[in-house]
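Nothing in this text is a laboratory measurement; each read-out follows from the coordinates by a stated rule. Only a predicted model underlies this, so the values are computations on that prediction, with no experimental measurement involved. All Cβ positions, even for glycine, are placed from backbone atoms using ideal geometry, and neighbour counts span all protein chains on display.
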Amino acid sequence: MSVLPIRVYPDPALKEQAAPVEQLDYNIKKLIENMGETMFAAQGVGLAAPQVGESCRVIVIYLPEKKDFSSYMALINPEIISAEGEVVAEEGCLSARNYRAQVKRAQALKVCYLNDKGAPCELTARDLLARVLQHEIDHLNGILFFERLSRIKRDLIRNRLRKLAKAAAVD
Ligand SMILES: [Zn+2]
């Protein structure tokens with residue numbers, strides 16, 4: 001297993017529509033393991049493949065009830081099949097590290113996906129888990145959390161992140 005570098009905004013990999021996984025082969029299994037490792041190293045609660053530069057529909061989610069390095073779940077080709085309620089709460093992103101914002105999300109949802117064995121599954125989630133799922137599935141569609149904000153707030157965060165990226169490139 002290895003920790004992969006996390007792409008940060010405005011990396012173009014974050015803007016792509018990720019491709020569905022056609023075959024659960026060795027490369028995808030390896031990617032899932034590395035994504036789990038990378039999420040823990042970064043102390044994140046979720047990670048999507050485009051964040052490590054892989055344009056495929058794979059996400060990993062941290063499961064707090066387990067306490068070791070196996071405590072994550074992989075969802076392949078996840079799709080939201082129903083959503084209800086609305087809740088505003090603070091969110092951040094490993095690809096936009098210094099920014100957090102209040103984002104409106106569905107409160108509960110049902111997601112279908114393939115698990116890491118390739119079996120079709122369904123999951124009902126609420127509150128934090130539902131929020132993490134929406135955030136990560138957005139990544140698969142090239143959407144970052146601040147793009148869900150009002151235009152003024154969105155542009156403010158975008159501009160600051162672009163400046164930070166420029167400053168980092170100069171260093
Ligand atoms: Zn994110």
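Per the Debye calculation on the chain with a single equal scatterer at every Cα and no solvent contribution, log₁₀ I(q)/I(0) for q = 0.09, 0.10, 0.14, 0.19 Å⁻¹ amounts to -0.29, -0.36, -0.72, -1.32. From helices alone, the chain scores -10000 deg cm²/dmol at 222 nm; the rule is -39500 (n - 2.57) for each run of n ≥ 4 DSSP H residues, then divide by the residue total. Comparing the range 120-170 with the 2.2 N^0.38 Å rule of thumb, its C-alpha radius of gyration ratio is 1.52 (two decimals).
Scan the range 1-91 for chymotrypsin sites (Phe, Trp or Tyr not before Pro) in coil per DSSP, keeping those whose Cβ has at most 15 other Cβ atoms within 10 Å, and list them by number. Display every interim value, and only then the final one.
Details: sites: Y26, F40, Y62, F69, Y72; in loops: F69.
Hits after loop and neighbour filter: F69.
Projecting the Cα atoms of L149, P20, C56 onto the dipole axis of the chain, where Lys and Arg carry +1 and Asp and Glu carry -1 at the beta carbon, places L149 farthest toward the positive end. Centre-to-centre separation between the Cα atoms of the range 115-133 and those of the range 33-93: 10 Å.
Across the range 27-44, rounded Karplus estimates of 3J(HN,Hα) from the backbone phi angles (6.51 cos²θ - 1.76 cosθ + 1.60, θ = phi - 60°) give 4, 5, 4, 4, 4, 4, 4, 5, 5, x, 4, 5, 4, 5, 4, 8, 6, x Hz, Gly and Pro being marked x. Each Lys or Arg adds one and each Asp or Glu subtracts one; over the other residues with Cβ under 15 Å from the Cβ of G44, this totals -1. Evaluated with a Cβ-only charge set (Lys, Arg +1; Asp, Glu -1), the chain carries a dipole of roughly 760 debye about its Cα centre, given to the nearest 20.
Can you give the longest stretch of the chain with no exposed loop site, where a site means trypsin sites (Lys or Arg not before Pro) in a DSSP loop (not H, G, I, E or B) with at most 16 other C-beta atoms within 10 Å? The segment 1-65 is the longest one with no such site.
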